[in-house]
């Protein structure tokens with residue numbers, strides 16, 4: 001039973017780390033990256049679809065994204081979706097290509113983004129701790145149902161705590177890397 005709980009806990013914690021990485025990818029640094037536009041939805045014949053399903057997003061240079069819509073009539077909706085997004089970007093159209101220049105980040109904007117990154121990291125830590133709590137509860141329920149002994153519960157809790165510490169440390173590493181990325185000019 002302890003091994004099952006441990007495996008399930010590790011699996012859930014890995015998913016939390018992946019979710020955190022995706023959130024970090026949305027927070028832009030000074031460099032252009034196609035994942036910046038991943039969360040933008042475009043109205044495609046009345047249905048909202050992710051931008052990646054309506055166009056090809058590529059990096060033109062360090063500070064410019066190039067978007068090539070699959071269909072010519074999608075240029076307007078894509079441009080509008082980028083303008084109304086929370087990214088503060090101003091796309092320009094040149095024929096069938098939409099270029100999105102990324103302005104340089106100001107010092108104040110970098111500090112604001114670091115606050116956002118720290119909040120996301122804290123959310124990740126909380127998620128990991130909640131998973132630990134659930135696993136410990138499951139072990140204690142096993143003890144109540146007389147499926148495992150008290151010693152096994154203690155051993156299981158220690159294993160889960162070690163796993164938790166390992167994943168929290170991974171979050172700290174991701175946070176430091178993202179902070180360094182944001183502060184790099």
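Points to keep in mind about this one:
- Unmet criterion (only one of (1) under 20 Å from residue 39 (Cβ atoms); (2) surrounded by fewer than 18 Cβ atoms within 10 Å (Cβ to Cβ); (3) modelled with pLDDT under 85) for residue 182: (2)
- Residue in the stretch 34-43 that is more than 17 Å from the chain's Cα centre (by Cα) and outside any strand (DSSP E or B) present: no
- For the stretch 25-62, a residue qualifies if it is touching a helix residue (DSSP H, G or I) at 6+ places or on another chain (Cβ under 7 Å) and over 18 Å from residue 89 (Cα atoms), and the qualifying residues are 43, 44, 54.
- Within the stretch 86-123, the residues that satisfy the criterion of being within 23 Å of the chain's Cα centre (by Cα), closer than 18 Å to residue 59 by Cβ and surrounded by 11 or more Cβ atoms within 10 Å (Cβ to Cβ) are 87, 89, 100, 101, 102, 103, 105.
- Only one of the listed residues (98, 171, 131) is in a strand (DSSP E or B) and touching a helix residue (DSSP H, G or I) at 6+ places or on another chain (Cβ under 9 Å). That residue is 98.
- Residue 81 part of a helix (DSSP H, G or I), touching a strand residue (DSSP E or B) at 6+ places or on another chain (Cβ under 6 Å) and either over 17 Å from residue 178 (Cβ atoms) or in contact (Cβ under 8 Å) with a residue 12 or more places away in the chain (or both): yes
The values are calculated or read from the model by the stated rules, or taken from the named source; none is laboratory data. Remember, it's a predicted structure, so these values are computed and weren't measured experimentally. Here the Cβ is made from the backbone with ideal geometry for all residues, glycine too, and neighbour counts use every protein chain on show.
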